[in-house]
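**Q** Supplied in structure tokens, the structure appears directly below.
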Amino acid sequence: MCCGVAVQCSPSSSLTLPLTKSAAPPHRRRNYSVSWSSIKVRRNLDLGGSNCPKVECIGTKWFRSSGVVHACWSPHLVEESVVLLENSEIFLFDVNLCSKDKKLAGKKLCIRWDSVGDEGVELGSGNGWLGCEFSWYPRILVVAHSSRVFLVDIKSGEYKVRSLLNIENVSTMNDEFVALCMAGSNRFCFAIASKELLLFCDVRKPKSPLLRWVHRLDSPNYINVLKLSQLRSNCSEEMYNCASKSGYCILLGSLWDGEFSIFCYGPDYGEATCLSKLPKVNNYFCAWGLPSDISLSGRGCRCGTCLVREEFSEEALHRWIDWRQKEDLVMSFCFVEQNISSQLDGPNNFGGFHLIRLMSSGMLEVQRYCEE
């Protein structure tokens, strides 16, 4: 059974989002409810006995006091999830406790954010909350605000809050955090982006980012961490296969602006050239090369002449018309699984991957990317 969430805006319209990321345009309506759904595959006799997926609503929760900022499933206990509200409230839900009328009550976590005690930082019920993710333990959360990142321990009745990162200690005065994502299977590490920087951190080393980049992206609001092997199916070079097995990449950008970059990192090989020559315990990460730009639209030429022509066409529009409203935009996307992607193309030296894109026109498109 696979699960997802639909965040409902109003009784007449809804916006479907994954439980892990939110990359909608900035003009989207405020969300006040979360719906839990399951996708079940059943055999349909009317279609010759073929398997037919069906989406069933498990339950719904309305929040009257504040809008929904973020929701995510637990990677440890598949029936649990957390929801973060704009007023800083966090709710823990168990879908097994859903009532007969498909309503989920949830448990409100009474967290005192002012107990951390850093001077000059005001949190509480104000705006600026970004996301909430499960860390390495089912009762340990990583919560991000535009100015700080917290580690929240909810194992006991008295919830403990510890500061992991402060924007004032890592960037300029006017900067703020904009996106959060956990990294790695053990979920000790996380990636967080500000308006200027991309940081890779470890909860075991608070206030000391392991890696940092200047991303040079305009208003990023989407971030995801992937294993490098997911982007290198059918790679025929042994040297690159070794790097793919140990490396990771951070995808950062904005669907609204259509600008994305991939930042690769992994263990510090030193003089080793393959995984077999690496030490058994290697806790050191380093950035691998410079960031790579990626276009989700997959259309248009990026040469100088075409870029200048595009710039002039945008300036020719009236001031009250946004050029993005004249384009067929990518509203959402997902990566094709590696074993399926490898069947679509033959092997090559560097490998590649496939994306399925949902366009604003309603079309679903498959786009292939290959490394050069």
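The values are calculated or read from the model by the stated rules, or taken from the named source; none is laboratory data. Being a predicted model, the structure only gives us computed values, none of them experimental. In this analysis, Cβ positions are derived from the backbone assuming ideal geometry, glycine residues included, and neighbour counts consider all displayed protein chains. Side chains are part of the model used for accessible areas, which takes the heavy atoms of the whole protein and leaves out ligands, DNA and RNA. Shrake-Rupley method; radii C 1.70, N 1.55, O 1.52, S 1.80 Å.
**Q** From the protein chains alone at 1.4 Å, what is the descending order of accessible area for Arg64, Arg357, Arg212, largest first?
**A** Working: Arg64 200, Arg357 5, Arg212 125 Å².
Ranked list, largest accessible area first: Arg64, Arg212, Arg357.
**Q** Further question on the same structure: Give me a comma-separated list of calculated 3J(HN,Hα) values for segment 67-84, in order, Karplus coefficients 6.51, -1.76, 1.60 applied at θ = phi - 60°, integers in Hz, x for any Gly or Pro.
**A** The phi angles translate into x, 8, 9, 7, 9, 8, 7, 7, x, 9, 10, 5, 8, 9, 7, 10, 10, 9 Hz.
**Q** Enumerate the calculated ³J(HN,Hα) couplings along segment 254-268 in order (Karplus 6.51 cos²θ - 1.76 cosθ + 1.60, θ = phi - 60°), each rounded to whole Hz, writing x wherever the residue is Gly or Pro.
**A** After applying 6.51 cos²θ - 1.76 cosθ + 1.60, I find 9, 5, 5, 8, x, 10, 9, 9, 10, 10, 9, 8, x, x, 7 Hz.
**Q** As a quick test, which of the pairs Lys107/Lys155; Lys54/Lys102; Lys61/Lys155; Lys205/Lys245 have an alpha carbon distance above 19 angstrom in this structure? Before the final figure, lay out each step's value.
**A** On the way: Lys107/Lys155 13 Å; Lys54/Lys102 17 Å; Lys61/Lys155 24 Å; Lys205/Lys245 25 Å.
Result: Lys61/Lys155; Lys205/Lys245 exceed 19 Å.
**Q** Mind listing the long-range amide H neighbours of Phe177? Cut-off is under 5 Å, sequence gap 5 or more, other chains count too, H placed in the peptide plane at 1.01 Å from N.
**A** Under 5 Å from the amide H of Phe177: Ser147.
**Q** When only the heavy atoms of the protein chains count and the probe is 1.4 Å, how do Asp218, Asp293 rank by accessible area, highest first? Show your work: numbers first, answer last.
**A** Numbers: Asp218 90, Asp293 135 Å².
Result of the area sort, largest leading: Asp293, Asp218.
**Q** What figure, in Å² to the nearest 10, do you get for the accessible area of Leu296 with a 1.4 Å probe and non-protein molecules left out?
**A** 10
**Q** Shifting gears a bit: Please list 3J(HN,Hα) in residue order for segment 87-99, calculated via the Karplus relation 6.51 cos²θ - 1.76 cosθ + 1.60 where θ = phi - 60°; whole Hz, with x for glycine and proline.
**A** Values per residue, Gly and Pro as x: 8, 6, 6, 10, 10, 9, 10, 10, 5, 6, 9, 6, 6 Hz.
**Q** Still on this structure, please answer the following. I'd like the GluC sites (Glu not before Pro) in segment 132-228 restricted to DSSP loop residues with at most 13 other Cβ atoms within 10 Å, sorted by number.
**A** Numbers: sites: Glu133, Glu158, Glu168, Glu176, Glu196; in loops: Glu158, Glu176, Glu196.
Of the GluC sites (Glu not before Pro), the ones in loops of segment 132-228 whose Cβ has at most 13 other Cβ atoms within 10 Å are Glu158.
**Q** Would you mind checking which residues have amide H under 5 Å from Leu164's amide H? H placed 1.01 Å from N; only 5 or more apart, or other chain.
**A** Close amide H contacts, sequence-distant or interchain: Val149, Phe150, Leu151.
**Q** What do you reckon, how do Lys108, Lys103 stack up by accessible area (1.4 Å probe), largest on top? Before the final figure, lay out each step's value.
**A** On the way: Lys108 95, Lys103 125 Å².
My answer, sorted largest first, is Lys103, Lys108.
**Q** Okay, moving on. Please work out how much accessible surface Trp113 shows to a 1.4 Å probe, ignoring ligands, DNA and RNA, in Å² rounded to 10.
**A** Accessible area of Trp113: about 10 Å².
**Q** Rolling a 1.4 angstrom probe over the protein chains, ignoring ligands and nucleic acids, what is the accessible area of His76 in square angstrom, nearest 10?
**A** The accessible area comes out at roughly 70 Å².
**Q** Around Trp136, which amide H atoms from residues at least 5 apart in sequence, or from another chain, sit under 5 Å from its own amide H, with H modelled in the peptide plane?
**A** Close amide H contacts, sequence-distant or interchain: none at all.
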